[in-house]
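The values are calculated or read from the model by the stated rules, or taken from the named source; none is laboratory data. Bear in mind that the values here come from a model prediction, so they are computed numbers and not experimental data. Note that we place each Cβ from the backbone using ideal geometry, even for glycine, and neighbour counts take in every protein chain shown.
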Amino acid sequence: MNNDLGIYIHIPFCLKKCYYCDFVSYSNKEEMIEKYIFALCKEILQNADILSERKVETIYIGGGTPSYIDAKYIKQILDTLYMLVDKQYLKEVTIECNPNSITKEKLEIYKESGINRISIGLQSIYDDILKTIGRVHTFSDFTSALELVNQSGIDNISVDLIYPLPNLDFNRFKDTVDYVIGLKDKNVKHISIYNLEVHENTKLDFLLKEGYASLVDEDEEYEMYKYLVSTLQEKGFLRYEISNYALEGYLSKHNLRYWEQKEYLGFGVNASSFLNSSRYKNIPSIEQYIDNIANNLPTKTDVEDMDLLSLMKEYIILSLRKIDGLNLMSFKTRYKKDIFDLFKEEIDDLIKNGLLILENNSLKLTTRGLEVANVVWETFV
Ligand SMILES: C[S@@+](CC[C@H](N)C(=O)[O-])C[C@H]1O[C@@H](n2cnc3c(N)ncnc32)[C@H](O)[C@@H]1O
Ligand code: SF4
């Protein structure tokens, strides 16, 4: 196993819960911020041994909305990490931001603390759509935020979009994609375009079920998909994972770790980790997380010690998420086994059905395979 590591930090606070979101994030728990950050830093210190013996390459501060809380807390977390981590190996430090909570002062602190990549959740350029999905920002908040990030000198920016959304038709989607592609001169180097997931018991689920909101039909959604895939590619944004596009040299190093089945440690409530062939996460209740850390009790839950077969199957699924796919030699080097000795029948079937292709010594999803990737995953579950 390599000695490198990624770090994920979870900040579970938001001004208001968006209607589609089921991440562990809270509004109206601001009184817990200070105690939470204290607990999170303590958790980092509890892992001093592993952090100081590994080459930490990436840090990703996600949420929730990390930009919502006072920037002094972000600095406190990073300073705690920097006491333990050898900074010479650190390549990428990302923070997720909401357009309406970015300020010049916060950005100065981020930059001083080594943050070199900002991910901004835009979702849509239309204010009526943003309102319908419960976002707290407007399009004009986004343009101001982008200006501030550009002035800060942090020049690696990613923008998040979601489709379909209530009130979003093909033309409005096209406008949104065209607008974001046009932001290269504003240092937008990376675009994540997520397919909307409607989670049970979210407000959006209720609005859709009760007929207060609606989405375009499958055909129009497919038109949107076709448009985004062809246009982004044409304009130089390389599709490198199912939902992710980047200019050359700006692929997300942290997220690539997930798809390359590399190790990472997550800190904070509900944060996931993958270490020594074991997957686990922290408990999902902020109150219990803070209490357990304060009382030196374990915070790990859902521990899965993976056997070789589950590791190999997971590696296949994760690698196929990347457009470059699964390199046969990399599989052999990693697992000392030939993938065809293990899964010949499954792979042959997927190739025969036009979902997989063997190209340049790599297995890749075909154009059709990318559209129905779930069918491929089911084969290897
Ligand atoms: C955890 S959010 C963090 C960023 C920040 N809180 C924000 O929303 O701007 C990361 C991204 O996940 C995406 N996302 C969240 N819920 C989603 C859902 N139900 N379906 C599709 N994408 C979703 C959004 O694009 C969001 O920007
Ligand atoms: S701001 Fe982001 S994390 Fe918070 S509720 Fe909205 S989508 Fe979820």
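For G6, are the conditions met, namely being touching a Phe, Trp or Tyr at 6+ places or on another chain (Cβ under 6 Å) and either away from ligand 1 (no atom under 16 Å from the Cβ) or not assigned by TED's automatic domain parsing to the domain that holds E105 (or both)? Yes, satisfied.
Of all the numbered requirements in (1) in contact with an Asp or Glu (Cβ under 7 Å, 6 or more places away or on another chain); (2) part of a helix (DSSP H, G or I); (3) not hydrophobic (A, V, I, L, M, F, W, C), N150 misses one, and that requirement is (1). Looking across the stretch 39-67, the residues that are away from ligand 1 (no atom under 16 Å from the Cβ), among the aliphatic types (A, V, I, L, M) and either free of Cβ contacts under 8 Å to residues at least 40 places away in the same chain or under 21 Å from I286 (Cβ atoms) (or both) come down to A39, L40, I44, L45, A48.
One line per residue, one yes/no per condition, for (1) in contact with a strand residue (DSSP E or B) (Cβ under 6 Å, 6 or more places away or on another chain); (2) polar (S, T, N, Q); (3) under 18 Å from R117 (Cα atoms); (4) in a helix (DSSP H, G or I):
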| position | (1), (2), (3), (4) |
| --- | --- |
| Y20 | no, no, no, no |
| E43 | yes, no, no, yes |
| I50 | no, no, no, yes |
| V93 | yes, no, yes, no |
| E96 | yes, no, yes, no |
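Scanning for something in the same structural domain as L207 (by TED's automatic domain parsing), of a type in the set (V, I, T), assigned to a helix (DSSP H, G or I) and more than 16 Å from ligand 2 (Cβ to nearest atom), does the stretch 117-125 turn up at least one residue? So far as the stretch 117-125 goes, no, none of its residues is in the same structural domain as L207 (by TED's automatic domain parsing), of a type in the set (V, I, T), assigned to a helix (DSSP H, G or I) and more than 16 Å from ligand 2 (Cβ to nearest atom). When I162 is tested against (1) more than 14 Å from ligand 1 (Cβ to nearest atom); (2) assigned to a strand (DSSP E or B), exactly one condition is not met: (1). Before we move on, is G134 within 15 Å of ligand 1 (Cβ to nearest atom), touching an Asp or Glu at 6+ places or on another chain (Cβ under 9 Å) and touching a residue at least 40 places away in the same chain (Cβ under 8 Å)? Answer is no for this residue.
Per the listing I154, I118, I129, I102, the residue uniquely modelled with pLDDT of 95 or more and under 28 Å from K226 (Cβ atoms) is I129.
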